[in-house]
Amino acid sequence: MKITIIGTGYVGLVTGACLAELGNDVFCLDVDSKKIEILNNGGIPIHEPGLEEIVARNRAAGRIRFSTDVEASVAHGDVQFIAVGTPPDEDGSADLQYVLAAARNIGRYMNGFKVVVDKSTVPVGTADRVAAALQSELTVRGSDAHFSVVSNPEFLKEGAAVEDFMRPDRIVIGCDNSPQGEKARGMMKKLYTPFNRNHERTYWMDVRSAEFTKYAANAMLATRISFMNELANLADHVGADIEAVRHGIGSDPRIGHSFLYAGCGYGGSCFPKDVQALERTAQDYGLNLLILQAVEAVNARQKEVLGNKILQRFEQNLKGRHFAIWGLAFKPNTDDMRAASSRVLLGELLRNGATVAVYDPVSMEEAKRVFALDFSDAPELLSSIRFATTPMDALDGADALAIVTEWKAFRSPDFDQVKTRLKQAIIFDGRNLFEPGVMTEIGIEYHGIGRSVLTRK
Ligand SMILES: NC(=O)c1ccc[n+]([C@@H]2O[C@H](COP(=O)([O-])OP(=O)(O)OC[C@H]3O[C@@H](n4cnc5c(N)ncnc54)[C@H](O)[C@@H]3O)[C@@H](O)[C@H]2O)c1
(Lines give C-alpha, C1' and ligand atoms only; values in the text may rest on other atoms or scores of the structure.)
Protein backbone atom coordinates (compact mmCIF):
# COMPACT_ATOMS: atom_id res chain seq x y z
CA MET A 1 0.00 0.00 0.00
CA LYS A 2 1.07 3.61 -0.48
CA ILE A 3 1.68 5.15 2.93
CA THR A 4 2.71 8.63 4.02
CA ILE A 5 4.10 9.23 7.50
CA ILE A 6 3.95 12.83 8.67
CA GLY A 7 6.58 13.41 11.37
CA THR A 8 9.74 11.30 11.25
CA GLY A 9 10.53 11.13 14.98
CA TYR A 10 10.61 8.09 17.29
CA VAL A 11 7.11 6.96 16.34
CA GLY A 12 7.00 8.10 12.72
CA LEU A 13 10.36 6.67 11.72
CA VAL A 14 9.71 3.32 13.39
CA THR A 15 6.20 3.12 11.89
CA GLY A 16 7.48 4.04 8.43
CA ALA A 17 10.43 1.64 8.56
CA CYS A 18 8.36 -1.29 9.83
CA LEU A 19 5.56 -0.74 7.29
CA ALA A 20 8.19 -0.59 4.52
CA GLU A 21 9.72 -3.81 5.85
CA LEU A 22 6.35 -5.47 5.26
CA GLY A 23 6.40 -4.41 1.61
CA ASN A 24 4.53 -1.11 1.67
CA ASP A 25 5.67 1.92 -0.32
CA VAL A 26 6.42 4.53 2.36
CA PHE A 27 7.01 8.28 2.14
CA CYS A 28 8.31 9.91 5.34
CA LEU A 29 7.81 13.65 5.68
CA ASP A 30 9.32 15.98 8.24
CA VAL A 31 9.56 19.76 8.57
CA ASP A 32 12.99 19.35 10.13
CA SER A 33 15.29 19.47 7.10
CA LYS A 34 18.32 18.46 9.22
CA LYS A 35 16.60 15.22 10.19
CA ILE A 36 15.71 14.48 6.57
CA GLU A 37 19.26 15.25 5.47
CA ILE A 38 20.69 12.81 8.03
CA LEU A 39 18.28 10.11 6.84
CA ASN A 40 18.99 10.77 3.18
CA ASN A 41 22.71 10.50 3.91
CA GLY A 42 22.23 7.03 5.36
CA GLY A 43 22.27 8.14 9.02
CA ILE A 44 19.66 7.79 11.71
CA PRO A 45 18.71 10.74 13.95
CA ILE A 46 17.72 8.67 17.01
CA HIS A 47 19.08 5.67 18.90
CA GLU A 48 16.69 2.74 18.58
CA PRO A 49 17.93 -0.88 18.49
CA GLY A 50 17.48 -2.56 15.09
CA LEU A 51 16.12 0.53 13.35
CA GLU A 52 19.20 1.48 11.34
CA GLU A 53 19.35 -1.90 9.58
CA ILE A 54 15.66 -1.83 8.64
CA VAL A 55 15.86 1.71 7.31
CA ALA A 56 19.00 0.90 5.28
CA ARG A 57 17.49 -2.30 3.85
CA ASN A 58 14.25 -0.66 2.78
CA ARG A 59 15.89 2.46 1.41
CA ALA A 60 18.09 0.24 -0.73
CA ALA A 61 14.98 -1.65 -1.89
CA GLY A 62 13.28 1.65 -2.78
CA ARG A 63 10.42 1.09 -0.31
CA ILE A 64 11.08 4.12 1.91
CA ARG A 65 12.06 7.69 1.14
CA PHE A 66 12.49 10.84 3.22
CA SER A 67 11.52 14.35 2.20
CA THR A 68 10.36 17.79 3.32
CA ASP A 69 8.10 18.11 0.27
CA VAL A 70 4.57 18.44 1.66
CA GLU A 71 2.75 18.39 -1.68
CA ALA A 72 4.55 15.21 -2.77
CA SER A 73 3.84 13.58 0.60
CA VAL A 74 0.11 14.25 0.31
CA ALA A 75 0.04 12.98 -3.26
CA HIS A 76 1.86 9.77 -2.28
CA GLY A 77 -0.09 8.05 0.48
CA ASP A 78 -3.62 6.68 0.31
CA VAL A 79 -3.15 6.39 4.06
CA GLN A 80 -1.66 9.46 5.75
CA PHE A 81 -0.31 8.80 9.27
CA ILE A 82 0.02 11.85 11.49
CA ALA A 83 2.90 11.06 13.90
CA VAL A 84 4.01 14.55 14.91
CA GLY A 85 4.75 15.62 18.48
CA THR A 86 2.02 16.58 20.94
CA PRO A 87 4.05 18.33 23.64
CA PRO A 88 2.41 19.76 26.74
CA ASP A 89 1.03 23.27 26.41
CA GLU A 90 1.63 25.75 29.24
CA ASP A 91 -1.51 24.53 31.05
CA GLY A 92 -0.56 20.84 30.68
CA SER A 93 -3.02 20.11 27.86
CA ALA A 94 -1.68 18.50 24.68
CA ASP A 95 -0.50 21.13 22.22
CA LEU A 96 -2.21 20.18 18.97
CA GLN A 97 -0.66 22.81 16.73
CA TYR A 98 1.55 20.30 14.88
CA VAL A 99 -1.27 17.78 14.43
CA LEU A 100 -3.63 20.44 13.07
CA ALA A 101 -0.93 21.89 10.81
CA ALA A 102 -0.41 18.41 9.35
CA ALA A 103 -4.18 18.06 8.82
CA ARG A 104 -4.40 21.42 7.07
CA ASN A 105 -1.51 20.43 4.79
CA ILE A 106 -3.39 17.31 3.73
CA GLY A 107 -6.50 19.39 3.00
CA ARG A 108 -4.47 21.89 1.03
CA TYR A 109 -3.15 19.34 -1.47
CA MET A 110 -5.28 16.18 -1.47
CA ASN A 111 -7.27 15.20 -4.52
CA GLY A 112 -8.59 11.65 -4.15
CA PHE A 113 -9.86 9.79 -1.06
CA LYS A 114 -7.47 9.74 1.92
CA VAL A 115 -7.48 7.85 5.18
CA VAL A 116 -6.00 10.20 7.78
CA VAL A 117 -4.67 8.31 10.78
CA ASP A 118 -4.01 10.00 14.11
CA LYS A 119 -1.04 8.03 15.44
CA SER A 120 0.17 10.81 17.69
CA THR A 121 -1.20 10.62 21.22
CA VAL A 122 -4.09 13.07 21.12
CA PRO A 123 -6.92 13.97 23.52
CA VAL A 124 -10.40 12.60 23.06
CA GLY A 125 -12.17 14.60 20.40
CA THR A 126 -9.06 15.42 18.36
CA ALA A 127 -10.21 13.42 15.33
CA ASP A 128 -13.13 15.84 15.01
CA ARG A 129 -10.73 18.79 15.12
CA VAL A 130 -8.45 17.15 12.55
CA ALA A 131 -11.46 16.58 10.28
CA ALA A 132 -12.58 20.21 10.70
CA ALA A 133 -9.10 21.60 9.97
CA LEU A 134 -8.76 19.44 6.88
CA GLN A 135 -12.29 20.18 5.67
CA SER A 136 -11.76 23.95 6.03
CA GLU A 137 -8.89 23.73 3.53
CA LEU A 138 -10.98 21.66 1.15
CA THR A 139 -13.78 24.20 1.39
CA VAL A 140 -11.40 27.06 0.58
CA ARG A 141 -10.33 25.17 -2.53
CA GLY A 142 -13.93 24.24 -3.40
CA SER A 143 -12.83 20.58 -3.41
CA ASP A 144 -15.31 17.78 -2.75
CA ALA A 145 -12.57 15.18 -2.10
CA HIS A 146 -13.48 12.70 0.63
CA PHE A 147 -11.52 11.50 3.64
CA SER A 148 -11.95 9.65 6.89
CA VAL A 149 -10.10 10.31 10.14
CA VAL A 150 -9.09 7.18 12.04
CA SER A 151 -7.52 6.89 15.49
CA ASN A 152 -4.66 4.37 15.72
CA PRO A 153 -2.66 5.23 18.85
CA GLU A 154 0.85 3.85 19.15
CA PHE A 155 1.93 1.70 22.11
CA LEU A 156 5.58 1.10 21.24
CA LYS A 157 8.22 1.57 23.93
CA GLU A 158 11.38 3.51 23.14
CA GLY A 159 14.33 1.15 23.38
CA ALA A 160 12.23 -1.76 22.07
CA ALA A 161 10.26 0.17 19.47
CA VAL A 162 10.94 -2.01 16.43
CA GLU A 163 10.15 -5.22 18.31
CA ASP A 164 6.99 -3.67 19.80
CA PHE A 165 5.80 -2.43 16.42
CA MET A 166 6.49 -5.71 14.67
CA ARG A 167 4.99 -7.85 17.45
CA PRO A 168 2.39 -5.67 19.10
CA ASP A 169 0.36 -6.79 22.14
CA ARG A 170 -2.57 -5.06 20.55
CA ILE A 171 -3.50 -2.78 17.69
CA VAL A 172 -6.19 -0.28 18.59
CA ILE A 173 -8.14 1.23 15.72
CA GLY A 174 -11.06 3.61 16.03
CA CYS A 175 -13.23 4.30 12.97
CA ASP A 176 -16.63 5.90 12.51
CA ASN A 177 -19.62 4.24 10.87
CA SER A 178 -19.98 6.56 7.87
CA PRO A 179 -19.42 5.10 4.37
CA GLN A 180 -15.95 6.76 4.40
CA GLY A 181 -15.32 5.27 7.85
CA GLU A 182 -16.20 1.80 6.51
CA LYS A 183 -13.84 2.31 3.59
CA ALA A 184 -11.10 3.42 5.98
CA ARG A 185 -11.75 0.36 8.17
CA GLY A 186 -11.19 -1.89 5.15
CA MET A 187 -7.91 -0.17 4.26
CA MET A 188 -6.62 -0.28 7.85
CA LYS A 189 -7.56 -3.95 8.04
CA LYS A 190 -5.56 -4.67 4.90
CA LEU A 191 -2.58 -2.67 6.14
CA TYR A 192 -2.45 -4.48 9.48
CA THR A 193 -3.21 -8.00 8.17
CA PRO A 194 0.45 -9.15 8.42
CA PHE A 195 0.44 -8.34 12.16
CA ASN A 196 -2.59 -10.54 12.79
CA ARG A 197 -1.39 -13.76 11.17
CA ASN A 198 -0.66 -15.62 14.39
CA HIS A 199 -3.81 -14.40 16.13
CA GLU A 200 -6.10 -11.40 15.91
CA ARG A 201 -4.54 -8.50 17.77
CA THR A 202 -6.73 -5.67 16.53
CA TYR A 203 -9.31 -4.07 18.78
CA TRP A 204 -11.83 -2.19 16.67
CA MET A 205 -13.74 0.56 18.39
CA ASP A 206 -15.17 4.02 17.92
CA VAL A 207 -12.76 6.89 17.43
CA ARG A 208 -13.14 8.49 20.87
CA SER A 209 -12.64 5.22 22.72
CA ALA A 210 -9.45 4.59 20.74
CA GLU A 211 -8.14 8.05 21.61
CA PHE A 212 -9.03 7.45 25.26
CA THR A 213 -7.42 3.99 25.36
CA LYS A 214 -3.93 5.39 24.82
CA TYR A 215 -4.22 7.84 27.72
CA ALA A 216 -5.83 5.21 29.95
CA ALA A 217 -2.92 2.82 29.29
CA ASN A 218 -0.20 5.36 30.08
CA ALA A 219 -2.07 6.70 33.10
CA MET A 220 -2.41 3.17 34.49
CA LEU A 221 1.29 2.42 34.02
CA ALA A 222 2.33 5.72 35.59
CA THR A 223 -0.04 5.01 38.50
CA ARG A 224 1.61 1.65 39.19
CA ILE A 225 5.03 3.28 39.27
CA SER A 226 4.01 6.10 41.59
CA PHE A 227 2.14 3.64 43.81
CA MET A 228 5.26 1.51 44.26
CA ASN A 229 7.45 4.58 44.78
CA GLU A 230 5.20 5.85 47.52
CA LEU A 231 5.25 2.45 49.21
CA ALA A 232 9.05 2.28 48.80
CA ASN A 233 9.48 5.52 50.69
CA LEU A 234 7.34 4.14 53.50
CA ALA A 235 9.32 0.88 53.40
CA ASP A 236 12.48 2.92 54.04
CA HIS A 237 10.88 4.26 57.21
CA VAL A 238 9.29 1.12 58.57
CA GLY A 239 12.20 -1.17 57.75
CA ALA A 240 10.68 -3.33 55.01
CA ASP A 241 12.28 -4.34 51.70
CA ILE A 242 10.22 -3.10 48.75
CA GLU A 243 11.77 -5.76 46.49
CA ALA A 244 10.41 -8.53 48.71
CA VAL A 245 7.07 -6.75 48.77
CA ARG A 246 7.13 -6.45 44.96
CA HIS A 247 7.56 -10.20 44.56
CA GLY A 248 4.93 -10.84 47.20
CA ILE A 249 2.23 -8.81 45.50
CA GLY A 250 3.29 -9.39 41.87
CA SER A 251 2.65 -13.11 42.22
CA ASP A 252 -1.07 -12.32 42.45
CA PRO A 253 -2.27 -12.67 38.83
CA ARG A 254 -4.70 -9.80 39.40
CA ILE A 255 -1.65 -7.60 40.03
CA GLY A 256 1.15 -9.19 37.95
CA HIS A 257 4.88 -8.51 38.08
CA SER A 258 5.26 -5.83 35.40
CA PHE A 259 5.69 -2.16 36.19
CA LEU A 260 6.02 -2.64 39.93
CA TYR A 261 9.62 -1.45 40.25
CA ALA A 262 10.35 1.28 42.75
CA GLY A 263 12.92 3.79 41.59
CA CYS A 264 13.83 7.44 41.26
CA GLY A 265 10.77 8.41 39.22
CA TYR A 266 9.46 8.05 35.69
CA GLY A 267 10.37 10.39 32.83
CA GLY A 268 10.33 10.33 29.05
CA SER A 269 8.22 11.95 26.44
CA CYS A 270 4.99 10.11 27.24
CA PHE A 271 4.00 9.39 30.85
CA PRO A 272 4.56 12.90 32.26
CA LYS A 273 2.77 14.72 29.47
CA ASP A 274 0.01 12.15 28.96
CA VAL A 275 -0.93 12.06 32.65
CA GLN A 276 -1.09 15.85 32.63
CA ALA A 277 -3.09 15.98 29.41
CA LEU A 278 -5.66 13.51 30.72
CA GLU A 279 -6.06 15.60 33.85
CA ARG A 280 -6.60 18.67 31.65
CA THR A 281 -9.20 16.90 29.54
CA ALA A 282 -11.08 16.04 32.74
CA GLN A 283 -10.90 19.65 33.91
CA ASP A 284 -12.43 20.76 30.62
CA TYR A 285 -15.47 18.73 31.68
CA GLY A 286 -15.45 20.06 35.26
CA LEU A 287 -13.91 16.89 36.71
CA ASN A 288 -10.80 16.47 38.87
CA LEU A 289 -8.89 13.21 38.43
CA LEU A 290 -7.63 12.91 41.99
CA ILE A 291 -5.61 9.73 41.49
CA LEU A 292 -3.71 11.21 38.56
CA GLN A 293 -2.98 14.43 40.44
CA ALA A 294 -1.38 12.28 43.14
CA VAL A 295 0.50 10.18 40.57
CA GLU A 296 2.10 13.33 39.21
CA ALA A 297 2.89 14.82 42.61
CA VAL A 298 4.42 11.56 43.86
CA ASN A 299 6.58 11.35 40.73
CA ALA A 300 7.82 14.93 41.05
CA ARG A 301 8.83 14.17 44.64
CA GLN A 302 10.39 10.85 43.66
CA LYS A 303 12.76 12.47 41.19
CA GLU A 304 14.25 14.30 44.20
CA VAL A 305 14.68 11.17 46.31
CA LEU A 306 18.25 10.38 45.24
CA GLY A 307 19.38 13.97 45.71
CA ASN A 308 17.72 14.09 49.13
CA LYS A 309 19.36 10.82 50.20
CA ILE A 310 22.72 12.20 49.10
CA LEU A 311 22.15 15.49 50.95
CA GLN A 312 21.15 13.61 54.07
CA ARG A 313 24.17 11.31 53.92
CA PHE A 314 26.55 14.28 53.53
CA GLU A 315 24.89 16.32 56.27
CA GLN A 316 23.20 18.78 53.90
CA ASN A 317 26.53 20.13 52.68
CA LEU A 318 27.77 19.20 49.20
CA LYS A 319 30.29 22.02 48.78
CA GLY A 320 33.58 20.54 47.59
CA ARG A 321 32.00 17.12 47.09
CA HIS A 322 32.28 15.25 43.81
CA PHE A 323 29.83 12.63 42.53
CA ALA A 324 29.61 10.12 39.70
CA ILE A 325 26.31 9.57 37.86
CA TRP A 326 25.68 6.44 35.78
CA GLY A 327 22.79 6.80 33.37
CA LEU A 328 21.30 9.98 31.91
CA ALA A 329 18.59 8.70 29.52
CA PHE A 330 15.12 8.42 31.02
CA LYS A 331 15.35 4.66 30.55
CA PRO A 332 17.79 2.15 29.00
CA ASN A 333 18.27 1.64 25.25
CA THR A 334 17.32 5.17 24.27
CA ASP A 335 19.09 8.51 24.04
CA ASP A 336 15.88 10.31 25.00
CA MET A 337 16.36 12.59 28.00
CA ARG A 338 12.95 14.26 28.01
CA ALA A 339 11.85 14.64 31.67
CA ALA A 340 14.68 12.31 32.74
CA SER A 341 15.29 11.93 36.49
CA SER A 342 19.02 12.48 35.90
CA ARG A 343 18.30 16.12 35.10
CA VAL A 344 16.68 16.69 38.49
CA LEU A 345 19.51 14.95 40.33
CA LEU A 346 22.16 16.89 38.45
CA GLY A 347 20.38 20.15 39.30
CA GLU A 348 20.27 19.26 43.00
CA LEU A 349 23.95 18.33 43.11
CA LEU A 350 25.33 21.26 41.12
CA ARG A 351 23.12 23.89 42.71
CA ASN A 352 24.29 22.65 46.12
CA GLY A 353 27.92 23.23 45.19
CA ALA A 354 29.03 19.73 44.13
CA THR A 355 30.90 18.75 40.96
CA VAL A 356 29.82 15.75 38.89
CA ALA A 357 31.18 13.23 36.39
CA VAL A 358 28.47 11.68 34.22
CA TYR A 359 28.36 8.65 31.95
CA ASP A 360 25.65 7.22 29.69
CA PRO A 361 26.21 4.64 26.91
CA VAL A 362 24.30 6.65 24.27
CA SER A 363 22.99 10.01 25.53
CA MET A 364 26.18 11.96 26.04
CA GLU A 365 25.59 14.27 23.07
CA GLU A 366 21.93 14.75 23.96
CA ALA A 367 23.02 15.44 27.55
CA LYS A 368 25.25 18.31 26.45
CA ARG A 369 22.28 19.82 24.62
CA VAL A 370 19.74 19.48 27.46
CA PHE A 371 22.11 20.50 30.27
CA ALA A 372 22.84 23.74 28.41
CA LEU A 373 19.07 24.40 28.50
CA ASP A 374 18.62 23.28 32.12
CA PHE A 375 21.39 25.57 33.35
CA SER A 376 20.71 28.53 31.05
CA ASP A 377 20.11 30.60 34.23
CA ALA A 378 23.51 29.58 35.66
CA PRO A 379 25.77 28.57 32.75
CA GLU A 380 28.86 28.69 34.99
CA LEU A 381 27.62 25.44 36.59
CA LEU A 382 28.16 23.60 33.29
CA SER A 383 31.90 23.67 33.95
CA SER A 384 31.26 21.52 37.04
CA ILE A 385 30.15 18.63 34.81
CA ARG A 386 32.74 16.22 33.40
CA PHE A 387 31.59 13.89 30.59
CA ALA A 388 33.34 10.59 31.30
CA THR A 389 34.35 8.15 28.58
CA THR A 390 33.54 4.92 30.43
CA PRO A 391 31.53 4.01 33.55
CA MET A 392 34.76 3.41 35.49
CA ASP A 393 36.29 6.67 34.28
CA ALA A 394 33.33 8.50 35.85
CA LEU A 395 34.14 7.10 39.30
CA ASP A 396 37.62 8.52 39.83
CA GLY A 397 37.77 10.52 43.04
CA ALA A 398 34.00 10.62 43.58
CA ASP A 399 32.51 10.71 47.07
CA ALA A 400 29.73 8.41 45.85
CA LEU A 401 28.18 6.88 42.75
CA ALA A 402 24.52 7.56 41.90
CA ILE A 403 22.78 5.21 39.44
CA VAL A 404 19.84 6.75 37.59
CA THR A 405 19.25 4.53 34.52
CA GLU A 406 19.23 0.74 34.59
CA TRP A 407 21.43 0.11 31.53
CA LYS A 408 22.55 -3.53 31.29
CA ALA A 409 26.17 -2.34 31.28
CA PHE A 410 25.75 -1.17 34.89
CA ARG A 411 24.32 -4.39 36.28
CA SER A 412 27.47 -6.39 36.99
CA PRO A 413 30.37 -3.97 37.36
CA ASP A 414 33.77 -4.99 38.69
CA PHE A 415 33.07 -3.98 42.28
CA ASP A 416 36.76 -4.14 43.28
CA GLN A 417 37.47 -1.50 40.66
CA VAL A 418 34.41 0.49 41.74
CA LYS A 419 35.73 0.55 45.31
CA THR A 420 39.25 1.49 44.26
CA ARG A 421 38.21 4.29 41.97
CA LEU A 422 35.65 5.89 44.27
CA LYS A 423 37.07 8.07 47.05
CA GLN A 424 34.37 6.66 49.32
CA ALA A 425 32.73 3.32 48.54
CA ILE A 426 29.15 4.56 48.58
CA ILE A 427 26.41 3.81 46.03
CA PHE A 428 23.03 5.53 45.75
CA ASP A 429 21.07 3.16 43.54
CA GLY A 430 18.01 4.83 42.00
CA ARG A 431 17.01 1.62 40.19
CA ASN A 432 17.64 -1.05 42.85
CA LEU A 433 20.12 -2.91 40.62
CA PHE A 434 22.06 -4.52 43.45
CA GLU A 435 21.36 -6.59 46.54
CA PRO A 436 21.97 -4.61 49.72
CA GLY A 437 23.28 -7.68 51.57
CA VAL A 438 25.83 -8.38 48.84
CA MET A 439 26.94 -4.76 48.84
CA THR A 440 27.52 -4.88 52.58
CA GLU A 441 29.62 -8.03 52.20
CA ILE A 442 31.70 -6.38 49.47
CA GLY A 443 32.22 -3.38 51.70
CA ILE A 444 30.13 -0.85 49.83
CA GLU A 445 27.77 1.46 51.67
CA TYR A 446 24.54 1.03 49.75
CA HIS A 447 21.44 3.20 49.54
CA GLY A 448 18.63 1.79 47.41
CA ILE A 449 15.01 2.85 47.11
CA GLY A 450 12.83 1.27 49.79
CA ARG A 451 15.51 -1.19 50.92
CA SER A 452 16.94 0.31 54.08
CA VAL A 453 15.95 -2.70 56.23
CA LEU A 454 18.77 -4.73 54.69
CA THR A 455 21.49 -2.15 55.18
CA ARG A 456 20.47 -1.26 58.73
CA LYS A 457 23.28 -2.00 61.17
N1 LIG B 1 8.16 8.36 21.77
C2 LIG B 1 7.38 7.37 22.18
O3 LIG B 1 7.83 6.41 22.83
C4 LIG B 1 5.92 7.38 21.86
C5 LIG B 1 5.17 6.21 22.03
C6 LIG B 1 3.81 6.22 21.70
C7 LIG B 1 3.22 7.39 21.27
N8 LIG B 1 3.97 8.54 21.14
C9 LIG B 1 3.31 9.75 20.62
O10 LIG B 1 3.63 9.87 19.25
C11 LIG B 1 3.74 11.25 18.91
C12 LIG B 1 5.11 11.53 18.31
O13 LIG B 1 6.08 11.28 19.32
P14 LIG B 1 7.64 11.18 18.99
O15 LIG B 1 8.32 10.78 20.26
O16 LIG B 1 7.82 10.38 17.77
O17 LIG B 1 7.96 12.73 18.67
P18 LIG B 1 9.28 13.35 18.01
O19 LIG B 1 9.40 14.70 18.58
O20 LIG B 1 10.41 12.39 18.12
O21 LIG B 1 8.90 13.45 16.44
C22 LIG B 1 7.93 14.30 15.93
C23 LIG B 1 8.41 14.77 14.56
O24 LIG B 1 7.35 15.48 13.91
C25 LIG B 1 7.93 16.50 13.13
N26 LIG B 1 6.89 17.47 12.73
C27 LIG B 1 6.29 18.41 13.49
N28 LIG B 1 5.35 19.06 12.79
C29 LIG B 1 5.35 18.52 11.54
C30 LIG B 1 4.58 18.75 10.37
N31 LIG B 1 3.61 19.65 10.32
N32 LIG B 1 4.86 18.00 9.28
C33 LIG B 1 5.83 17.07 9.31
N34 LIG B 1 6.57 16.81 10.40
C35 LIG B 1 6.34 17.52 11.52
C36 LIG B 1 9.04 17.04 14.00
O37 LIG B 1 10.01 17.76 13.28
C38 LIG B 1 9.59 15.73 14.60
O39 LIG B 1 10.65 15.20 13.82
C40 LIG B 1 3.44 12.03 20.18
O41 LIG B 1 2.07 12.34 20.20
C42 LIG B 1 3.76 11.03 21.27
O43 LIG B 1 3.03 11.27 22.44
C44 LIG B 1 5.30 8.55 21.41
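The values are calculated or read from the model by the stated rules, or taken from the named source; none is laboratory data. Just so we're clear, the structure is a prediction, and the values are computed from it rather than from any experiment. Positions of Cβ are backbone-derived with ideal geometry, glycine not excepted, and every protein chain shown enters the neighbour counts.
Miscellaneous remarks
- Within the range 67-93, residues that are in contact (Cβ under 8 Å) with a residue 40 or more places away in the chain and of a type in the set (Phe, Trp, Tyr) reach partners that are within 11 Å of the ligand (Cβ to nearest atom) and part of a loop (DSSP other than H, G, I, E, B) with beta carbons closer than 7 Å, at six or more positions or on different chains, in the pairs Phe81/Lys119.
- Pairs with Cβ under 7 Å, 6+ apart, first in the range 313-328 and closer than 18 Å to Ala394 by Cβ, second among the aromatic types (Phe, Trp, Tyr) and surrounded by 21 or more Cβ atoms within 10 Å (Cβ to Cβ): Trp326/Tyr359; Trp326/Phe410; Gly327/Trp407; Gly327/Phe410
- Any hit, the range 34-44, residues being surrounded by fewer than 23 Cβ atoms within 10 Å (Cβ to Cβ), within 21 Å of the chain's Cα centre (by Cα) and at negative phi: yes
- Qualifying positions in the range 110-128 - surrounded by fewer than 18 Cβ atoms within 10 Å (Cβ to Cβ) and more than 27 Å from Gln293 (Cα to Cα): Asn111, Gly112, Phe113, Asp128
- Residues being of a type in the set (Asp, Glu) and either within 13 Å of Asp78 (Cα to Cα) or in contact with a Cys (Cβ under 9 Å, 6 or more places away or on another chain) (or both) - total across the range 1-36: 1
- Subset of the range 239-252 that is in contact (Cβ under 8 Å) with a residue 12 or more places away in the chain and in a helix (DSSP H, G or I) - its residue that is surrounded by the fewest Cβ atoms within 10 Å (Cβ to Cβ): Val245
- Among helices (runs of 4 or more DSSP H) entirely within the range 268-351, having at least 3 residues that are more than 16 Å from the ligand (Cβ to nearest atom) and crowded, with 18+ Cβ neighbours inside 10 Å singles out 290-302, 305-313, 341-351.
- Pair list, Cβ < 7 Å and 6+ apart or interchain, from the range 12-34 residues that are touching a residue at least 24 places away in the same chain (Cβ under 8 Å) and among the small types (Gly, Ala, Ser) to residues that are assigned to a helix (DSSP H, G or I) and within 14 Å of the ligand (Cβ to nearest atom): Ala17/Leu51
- Residues of the range 123-168 satisfying the condition of being within 14 Å of the ligand (Cβ to nearest atom), among the charged types (D, E, K, R) and closer than 20 Å to Gly107 by Cβ: Glu137
- Failed criterion for Thr193 (all others in (1) among the hydroxyl-bearing types (Ser, Thr, Tyr); (2) surrounded by 15 or more Cβ atoms within 10 Å (Cβ to Cβ); (3) farther than 30 Å from Trp407 by Cα hold): (2)
- Listed by first and then second residue, the pairs with beta-carbon distance under 6 Å, at least 6 apart or on different chains, first residue in the range 340-369 and at positive phi, second at pLDDT 95 or above, are Gly353/Leu318; Gly353/Lys319.
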